[in-house]
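Here's the structure, in C-alpha cells; my notes come after.
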Amino acid sequence: MESLIMDAAKRAAEYLNGLDNRRVGPSPESLIGLSKFNQPLQDDPIAPESVLQELDTLGSPATVASTGGRYFGFVTGGSLPAAMAANILASAWDQNAVLGISSPTASALEKVSREWLNSLLGLAPTTEVGFVSGATMANFTGLAAARHALLDAQGWDVESKGLFGAPSIEVIVGNEVHVSLLKALSLLGFGRERVVRVPVDAQGRINAAAFPVIHEPAIVCLQAGNVNTGAFDPLEEICSKVRSANTWVHVDGAFGLWAAASPSTRHLIKGLEKADSLATDAHKWLNVHYDSGLVFVKDKRHLNAAMSASAAYLLEGETRDPHLFVPEMSRRGRGIEIWAALRSLGRKGLAELIDRCCAHAQRMAKELSTAGFEILNDVVLNQVLVSFGSPELTRSVITGIQRDGVCWCGGTEWQGRTAMRISVSSWATTDEDIDKSLESIIRVAGDAKKSG
Ligand SMILES: *Cc1c(COP(=O)(O)O)cnc(C)c1O
C-alpha cells in the first residue's frame, strides 16, 4: 500500500510542478489521447500501480489546468496546499460523514468550521451551517428551509403533505438571477417561471426603487456577487423593506459572500446578517476541492425540519450529526478540507486572498483598457468583462486566447453584449501570472484585429 500511495503522491506533485510550464487548456493531441480509455472491460484484475499509471499517462495531460494560476474561466478556485493535503489524508480515512458516530472527526471539524465561518462572515453564532456539494445545492437547501418555515406558519406540513393543495408562496428574484437558483426553485416545486422578476441596473443589481409590493408569504431571492459583473444586490435596503414574519430572504453568494471576510470588501455585502439563509461555494473563492458548498440558515429549526429524514424532530446532541443539515445521508466529510483551508489561512490569510484576487482583477481591467479594449463592468470584485469589438471579433479572440494556452478565459453574454469574462479566484495567481496572461491576451487580440 505504501509504495502505491507514494507513487500517487509523486505523480500528483509532478503534475502540480508542471502546471507553470504547460498550456492551461489541454492540447488537441492530449484530447485525442483520451480515446485510449475506450476499451472493453477486461476479464481479469489489473494491478493498482498499472491502473494509476494509465490514468496519469492518459488523464493528466487532458486535464484543464484550472488549479494553476492562469485559469480565469467561470468562477473557479484552485486548491490551497493545506486543503489538498487534507483531502489526500481524508481519502485514506474514507469517512462516512452521516452521523457523529460514523465519523467523530468529520463531525468535530464541521462543528468548529461552523463556528469559524459564522464569525468570519459576521453571522450570529447560532446560525446553522450545512456542508453541501456546491452553491446549487446550497441554494436548494436554503430554499427548502424557507419553504418549510413559510408553510409551517400557515399550518401546512409540506414535508409530509407535499405542495399540492398547499397555500401559495410568492417568489421574487432579480432579473439577473443565476440559473442555478432557478434550478433549485424548480426542484422544490416552485417552478422556474413562477417567479416575480425585478428589474436590475447596468451592473445587474436589483433596482431597490422598482421593488414590487410583496404578496405574503414570500421568498425574496437576492444575489451577492453577480457571476458576470461581481455586483451585489442592495441587501440592506431590500431587507429593511421586506422584513416581516411572512417573508424569507435568501441570498445567493456563491463567491461574493467571501467579500465579508475582508475588511476592504465587507462594505459591499452590508446587511447580510439580516438574511434568513445564505448560499455559497467553498470550491470557488475559499479554494478547497470540488465539490464543496455551504448553506447558512439563521433559524436552525427550519433547516432541521426541512432536511430531517423522519418526521421526528431531531436535536443536536453532544456530537453533530451532519446529515441533519443537508439533503444527503451518506456523504464525504467536506468539512475536513474547509477546516484545513481556514486553519492554514487564518483571518488575515483569507482577507489577503480576497484582496489579492480583487487587485489582480483591477490590474487586468486597467491594462486591457489602456490597451484600447472596452471593460463592460465596474470592477468592484474579482470579475472583469472585456469586449474586443464586434461579437464575432470578441468570440474569435476568446478562441485564440484559449488556443494560445498561456491562460484560459471564457465567453459570456452581458445585457446584450458579447464579452470575455475574467474571474480571478485562485490563491495560486501571482503578479507574474497576470503579466504573462496580459501579454497573451493583448497579443492575440491585436493579431485578431489586424487580420480583421
Ligand atoms: C457558480 C454559481 C452558482 C452555482 O454554483 P455551483 O457550485 O456550480 O453549484 C450559483 N450562483 C452563482 C452566483 C454562482 O456564481
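Since every read-out is calculated from the coordinates, none of them should be taken as a lab result. Note that the coordinates shown come from a computational prediction; the quantities given were computed from them, not determined experimentally. Using ideal geometry, Cβ is built from the backbone for each residue, glycine included, and neighbour counts are taken over all protein chains shown.
Cross-link reach is defined here as a Cα-Cα straight distance under 24 Å, omitting same-chain residues fewer than 8 places apart; for K449 the lysines meeting it are K366, K436. Shape analysis of the stretch 2-68 yields a ratio of the Cα radius of gyration to the Kirkwood radius, Rg/Rh, of 1.01. Charged side chains reduced to their Cβ positions (Lys and Arg at +1, Asp and Glu at -1) give the chain a dipole of some 860 debye around its Cα centre. Here the simple spin-label model places points 7 Å from the Cα toward Cβ, and for N38 and S344 these points are separated by 3.8 nm.
For the stretch 85-341, a Kirkwood radius taken over Cα pairs fed into Stokes-Einstein (10 °C, viscosity 1.306 mPa s) yields D = 87 µm²/s.
Pairs K161/K270; K111/K270; K111/K274: which are spaced more than 29 Å apart, C-alpha to C-alpha? From the list (K161/K270; K111/K270; K111/K274), the Cα-Cα distance tops 29 Å for K161/K270. When Rg and Dmax are taken over the Cα atoms of the stretch 22-152, they come to 20.6, 57 Å. The label point for V112 and the one for T370, both projected 7 Å from the Cα toward the Cβ, are 4.5 nm apart. Once Rg and the Kirkwood radius are both taken over the C-alpha atoms of the stretch 321-392, their ratio Rg/Rh works out to 1.24. Taking a span of 15 Å or more along the helix axis (Cα atoms) and a mean Kyte-Doolittle hydropathy of at least -0.5 as the rule, the DSSP H helices of the chain that qualify are 2-18, 81-93, 104-121, 135-153, 334-370, 391-404.
Contact order normalised by length for the stretch 85-341, with contacts defined as Cα pairs under 8 Å and 6 or more residues apart; what percent is it? Before the final figure, lay out each step's value.
Numbers: 512 pairs, mean separation 82.0, N = 257.
Averaging sequence separation for qualifying contacts and normalising by length gives 32 percent for the stretch 85-341.
In square nanometres, what is the average projected area of the Cα convex hull of the chain?
Details: hull surface 95.0 nm².
Mean orientational projected area (the chain, Cα hull): 23.7 nm².
Computed across the stretch 265-405, the Kirkwood hydrodynamic radius from all distinct Cα-Cα pairs reaches 19.0 Å. Along the axis of the charge dipole computed for the stretch 1-132 (Cβ charges of +1 for Lys and Arg, -1 for Asp and Glu, origin at the Cα centre), the listed residues T57, S35, G69 are led at the positive end by G69.
Each 10 Å bin from zero holds the following percent of Cα-Cα pairs in the stretch 346-452: 15, 49, 28, 7, 1.
Between the stretch 165-206 and the stretch 380-452, the C-alpha centres lie 31 angstrom from each other.
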